[in-house]
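A.B. asks: Quick one: structure below, then a few questions.
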Amino acid sequence: MQNEKHYGTRSNWLRAAVLGANDGILSTASLVIGVAAASTTREPVILAGVAGLVAGALSMAAGEYVSVSSQEDLEKADLAREMKELEEMPEEELKELAQIYEDRGLDPNLALQVAKQLTAHDALGAHARDELGINDITQANPLLAALSSGGAFVFGGLLPVLVAYFGPLEQMEYVQYAFAVVFLAVLGAVAAKAGGSNIWLAVLRISFWGTVAMVITALIGHLFGVNVA
């Protein structure tokens, strides 16, 4: 059906974007809260937020790129190995593919016919998809993952920085917490909507763990921080 939705097609960029935005909001807000708990002026709070935003975005993008590149290298190695096996022992590979379809419920004759037709059409593609689990949807894309994650971190981290700039300094910890929870809840709802999952469960999960992180950071600021002029 033309109107049928498949949320799995969004898995690559959605995972990276949600992770980046969530980390941007949470880490930047937690950093600002921790510094605000030990500071009597606004400048150190804003500086901490901006520094955390820039460092976090670059770290997130670089880490995502390296991580997904490693996955891409593994996939390329598997595909190269599979291509060599197809060239050196095509009959064994055909039987292996037929066995996969048979294990999924086809009778032996039909499984062999399907394997032969798919092999004739695109042998490597068939083995990549059905033996290795590699397809266009799940295939690693380092650049897309890095841009999605880093850009989302900037977007998420910018929100606590704006709160640090415009919010009342005396109540900065509480204002940051309130806005961060709202931002996280909205992010959880949007991510759940885009992924077709339960919205309330996503909001509750992201808000709870965000609260835990910010409370711990605020306690550290109060207990171990020294007043910053």
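The values are calculated or read from the model by the stated rules, or taken from the named source; none is laboratory data. Since the structure is predicted, the reported quantities are computational estimates derived from the model, not experimental observations. Reconstructed Cβ throughout: ideal geometry from the backbone, glycine too, with neighbour counts over all protein chains shown. Heads up: the accessible areas ignore ligands, DNA and RNA and are worked out on the full protein's heavy atoms, side chains in. Shrake-Rupley method; radii C 1.70, N 1.55, O 1.52, S 1.80 Å.
A.B. asks: All but one of (1) more than 27 Å from PHE183 (Cα to Cα); (2) modelled with pLDDT of 90 or more hold for ALA98, so report the exception by its number.
C.D. replies: Unmet condition: (2).
A.B. asks: Does LEU58 qualify as being open to solvent by 50 Å² or more (accessible area, probe 1.4 Å), in a helix (DSSP H, G or I) and modelled with pLDDT of 90 or more?
C.D. replies: Yes: the conditions hold for LEU58.
A.B. asks: Here's something else I'd like to know. Kindly indicate whether any position in region 98-115 is part of a helix (DSSP H, G or I) and of a type in the set (Lys, Arg).
C.D. replies: Checked against the condition, which is being part of a helix (DSSP H, G or I) and of a type in the set (Lys, Arg), region 98-115 yields no hits at all.
A.B. asks: Just to be sure, is ALA120 farther than 23 Å from GLY63 by Cβ, of a type in the set (A, V, I, L, M, F, W, C) and open to solvent by 50 Å² or more (accessible area, probe 1.4 Å)?
C.D. replies: yes
A.B. asks: Now a separate question. I'm trying to understand the selection: among the residues of region 47-90, which are within 13 Å of SER149 (Cα to Cα) and among the polar types (S, T, N, Q)?
C.D. replies: SER59, SER67
A.B. asks: Report, by residue number, each residue of region 123-160 that is assigned to a helix (DSSP H, G or I) and more than 23 Å from GLY63 (Cβ to Cβ).
C.D. replies: ALA123, LEU124, GLY125, ALA126, HIS127, ALA128, ARG129, ASP130
A.B. asks: Follow-up. Here are GLY156, GLY188, GLY151: which of them is open to solvent by less than 20 Å² (accessible area, probe 1.4 Å), at pLDDT 85 or above and not polar (S, T, N, Q)?
C.D. replies: GLY156
A.B. asks: Where residues in region 172-185 are of a type outside the set (A, V, I, L, M, F, W, C) and farther than 19 Å from ALA202 by Cα, which of them is most open to solvent (accessible area, probe 1.4 Å)?
C.D. replies: It comes out as TYR174.
A.B. asks: Something else: Can you name every residue in region 162-171 that is closer than 19 Å to ALA185 by Cα and either open to solvent by 20 Å² or more (accessible area, probe 1.4 Å) or not hydrophobic (A, V, I, L, M, F, W, C) (or both)?
C.D. replies: LEU162 - this is the single residue of region 162-171 that is closer than 19 Å to ALA185 by Cα and either open to solvent by 20 Å² or more (accessible area, probe 1.4 Å) or not hydrophobic (A, V, I, L, M, F, W, C) (or both).
A.B. asks: For region 203-215, name all the residues that are open to solvent by 90 Å² or more (accessible area, probe 1.4 Å) and of a type in the set (A, V, I, L, M).
C.D. replies: Once the filter is applied, which keeps residues that are open to solvent by 90 Å² or more (accessible area, probe 1.4 Å) and of a type in the set (A, V, I, L, M), region 203-215 yields only LEU204.
A.B. asks: Quick check on my filter: what residues within region 133-187 are in contact with a helix residue (DSSP H, G or I) (Cβ under 7 Å, 6 or more places away or on another chain) and free of Cβ contacts under 8 Å to residues at least 40 places away in the same chain?
C.D. replies: ASN135, GLY167, PRO168, VAL175, VAL181, ALA185
A.B. asks: Give the residue that is most open to solvent (accessible area, probe 1.4 Å), with candidates limited to residues of region 61-106 that are in contact with a His (Cβ under 9 Å, 6 or more places away or on another chain) and not aliphatic (A, V, I, L, M).
C.D. replies: GLU96
A.B. asks: Among the residues of region 61-88, how many are modelled with pLDDT under 85 and touching a Pro at 6+ places or on another chain (Cβ under 7 Å)?
C.D. replies: Residues flagged as modelled with pLDDT under 85 and touching a Pro at 6+ places or on another chain (Cβ under 7 Å) within region 61-88 amount to 2.
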